[in-house]
1. Please go through the stretch 139-173 and pick out each residue that is open to solvent by 80 Å² or more (accessible area, probe 1.4 Å), modelled with pLDDT of 90 or more and touching a Ser or Thr at 6+ places or on another chain (Cβ under 9 Å).
2. So M62 clears everything in (1) within 30 Å of E130 (Cβ to Cβ); (2) open to solvent by less than 80 Å² (accessible area, probe 1.4 Å); (3) without any contact (Cβ under 8 Å) to a residue 40 or more places away in the chain; (4) not β-branched (V, I, T) except one condition, right? Which one?
3. When the residues of the stretch 104-150 are filtered to those that are closer than 21 Å to R14 by Cβ and part of a strand (DSSP E or B), which remaining residue is nearest to the chain's Cα centre (by Cα)?
4. Kindly indicate the residue of the stretch 111-127 that is in contact with a strand residue (DSSP E or B) (Cβ under 9 Å, 6 or more places away or on another chain) and open to solvent by less than 40 Å² (accessible area, probe 1.4 Å) and also farthest from Y93 (Cα to Cα) among those meeting that condition.
5. Restricting the search to the stretch 54-91, which residues are touching a Gly at 6+ places or on another chain (Cβ under 6 Å) and either of a type in the set (A, V, I, L, M, F, W, C) or under 16 Å from A23 (Cα atoms) (or both)?
6. Return the pairs, sorted by first residue and then second, in which the second residue is part of a strand (DSSP E or B) and at pLDDT 90 or above, the first residue lies in the stretch 84-110 and is of a type in the set (G, A, S) and open to solvent by 60 Å² or more (accessible area, probe 1.4 Å), the beta carbons are less than 7 Å apart, and the residues are 6+ apart or on different chains.
7. Does A70 satisfy the condition of being modelled with pLDDT under 90, under 23 Å from R14 (Cβ atoms) and in contact with an Asp or Glu (Cβ under 8 Å, 6 or more places away or on another chain)?
8. Kindly evaluate R136 against the criterion of being over 30 Å from A24 (Cα atoms), at pLDDT 90 or above and surrounded by 19 or more Cβ atoms within 10 Å (Cβ to Cβ).
Amino acid sequence: MEDTRRKGRAAGDRTWPGSARLAAGCALGFGGLTLLVDWDAGTLTPARALLWAAMAAAVLAMLLPARVTAGPGWMAARGPVRRRTVRTDSLVYVAQYGDVSAHLVLRDTAGNRLELDPNVLHANPLLWHELDTGVRRSLDRGTLRRGTEVLARLGHEIDDTTTLAVLKASGLT
């Protein structure tokens, strides 16, 4: 895949900037409060300040959500450390794990694996459309053999959510 193709037709997570700001705010708040408490106690040294800054950076890394993007035939999630990409038009496996903190696992024919929060798909119809289009191609090619029921259920949930939002916006509920 060429980067020019990705940039021109990629769909991204609309909620990511707000989530990233929240993660940064929590990390800055943690770092600032720990420095303030240490300074007030009179025990703040340059080494301890560096330790608190490193811990605030670790909090940011833990709280920062992956940035999900998708285009024709691919989906990617970029975390703080690395980027994972799968070919949605050659998926072999889809599963959803967990109830409260659910995550969707996608695996393609090349062995690439991607995990993402299903709420990202709920909040971003363009990402869902790219995934759904790729899944249909995988089904046509016969590569996707496990996980169609997960995607059907997720599709119904997304459709229900979208329908309720449209009805609420039009004042029919």
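The values are calculated or read from the model by the stated rules, or taken from the named source; none is laboratory data. Just so you know, these numbers come straight off a predicted model, no measurement behind them. Here Cβ is always computed from backbone atoms with ideal geometry, including for glycine, and neighbour counts include all displayed protein chains. With ligands, DNA and RNA removed, areas are computed over all heavy atoms of the protein, side chains included. Shrake-Rupley method; radii C 1.70, N 1.55, O 1.52, S 1.80 Å.
1. L139, R141
2. Against the list (1) within 30 Å of E130 (Cβ to Cβ); (2) open to solvent by less than 80 Å² (accessible area, probe 1.4 Å); (3) without any contact (Cβ under 8 Å) to a residue 40 or more places away in the chain; (4) not β-branched (V, I, T), M62 comes up short only on (2).
3. Within the stretch 104-150, the match that is nearest to the chain's Cα centre (by Cα) is L116.
4. N124
5. A56, A66
6. A110/R87
7. So A70 does not fit the description; no.
8. For R136, the condition - over 30 Å from A24 (Cα atoms), at pLDDT 90 or above and surrounded by 19 or more Cβ atoms within 10 Å (Cβ to Cβ) - is not met.
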